[in-house]
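All of the numbers you see were taken from the coordinates with simple rules; none came from a lab. Since this is a predicted model, take the numbers as computed values, not measurements. Cβ placement follows ideal geometry from the backbone for every residue including glycine, while neighbour counts extend to all protein chains displayed.
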Amino acid sequence: MHDDTPTARTAHDSQASHGSVGSYTLGFALSALLTVAAFALVMRPVLSRELTLAAIVILAVVQIVVQMYYFLHLDRRSERWNFISLYFTILIVAILVGGSLWIMSHLAHDVMGMGIEG
Amino acid sequence: MIERPGEYSLRAPAAAHHDHGHEHGESEATSTTVFGFWVYLMSDCVLFGTLFAVYAVLAPNTAGGPTPGELFELPFVLTETFLLLFSSVTFGYGMLAARAGRRRATLLWLAVTFAFGAGFLGMELHEFGKFVAEGAGPQRSAFLSGFFGLVGTHGIHVAAGLAWIVAMMAQVVLYGFEEAVLRRLMCLSLFWHFLDVVWICVFTIVYLLGVLNHA
């Protein structure tokens, strides 16, 4: 690789993958299926609460990947820097959301457990 | 590692290693702009991540007010979700028409996308209005503050996207598919599909988990 700048890559990569009527339609069909499945699991419960929770989270993650691939055209041909910035963002969001929930649940627990004098 | 032999067939062989895609009609300016817009979207992810964290922390605190299970109507949300999903795929068809240089088809698909997006936003505003009328406005409880903050921010993004679609339709009419117009369409396409991805998180975490936990 003679040139590692982001600029050099996107030029032909964006050209390389912009999908077709077929790929957009397939992405739509998969998304529709995953959406209906998630809503159905909550509206007409067949699983236990915990399993339903796990199932709809998994369905959401799968649908995000499907839309990233078929609509945003993030695939093996994509710009390496697109992935690096995406992974960095996922890391930041995971720390932000996970860390917030973690510390706030601890604070709530401490306040309830120890009372004002604690 | 990204450039693969097969792709050179589209280019002048001598230029393959030196140009940055000019043979494709996409200049360095376009690829830099589109990558820059991608980085903006990643920063927008962090914005939404923050609002999701706020919502997740505040959601259990309903302060004696309505709970998610009492408030949310899932068939309504499913319809909203499908409007946004339809708008995402019709925008995709519009981009294909734009790349093929078909002006009328592009304008038609953009108009269809706008209609679905406007339908989504209209339903969301209707829902907000209904909640406020029922005394479940953002000031009612921490849960509702978090709800209006998160879902409202997504709605503002959709409204901005709708204005952008109108602006791009005007540019396609006025300037045709010159490079700058195509570049802006590519950025708008990323923006619009990105909003659909964020909505997956909204309907799962806010609506589905809300109803599941507080039914």
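A Förster radius of 35 Å combined with the Cβ-Cβ distance from B:LEU174 to A:PHE83 puts the calculated FRET efficiency at roughly 0.45.
Phi angles across segment A:65-73 convert, under the Karplus curve 6.51 cos²θ - 1.76 cosθ + 1.60 with θ = phi - 60°, into 3J(HN,Hα) values of 4, 4, 6, 4, 7, 8, 9, 8, 6 Hz, Gly and Pro given as x.
In terms of other Cβ atoms within 10 Å, B:GLU28, A:GLU50 run from fewest to most in the order A:GLU50, B:GLU28.
For segment B:126-215, what number results from the quotient of the Cα radius of gyration and 2.2 N^0.38 Å? Here the answer is 1.44, to two decimals. In a simple Cβ point-charge model (Lys, Arg +1; Asp, Glu -1; nothing else charged), segment B:27-214 has a dipole of about 480 debye relative to its Cα centre. Averaging 1/r across all pairs of distinct Cα atoms in segment B:27-214 and inverting the result yields a Kirkwood radius of 17.6 Å. Among A:MET104, B:MET169, a tally of other beta-carbon atoms within 10 Å of each Cβ gives an order, fewest to most, of A:MET104, B:MET169. Ranked for footprinting exposure by Cβ neighbours inside 10 Å, fewest first, A:ARG77, B:ARG140, B:ARG104 give B:ARG104, A:ARG77, B:ARG140.
Per-residue ellipticity at 222 nm from helix content only, as computed over chain B with -39500 (n - 2.57) for each DSSP H run of at least four residues, stands at -25000 deg cm²/dmol. Let me make sure I get this right: for segment B:166-215, a, b and c are the square roots of the gyration tensor eigenvalues over alpha carbons, sorted descending. Under 1.5 in a/c it's rounded, otherwise prolate if a/b > b/c, else oblate. Which is it? Prolate, since a/c reaches 1.5 and a/b exceeds b/c.
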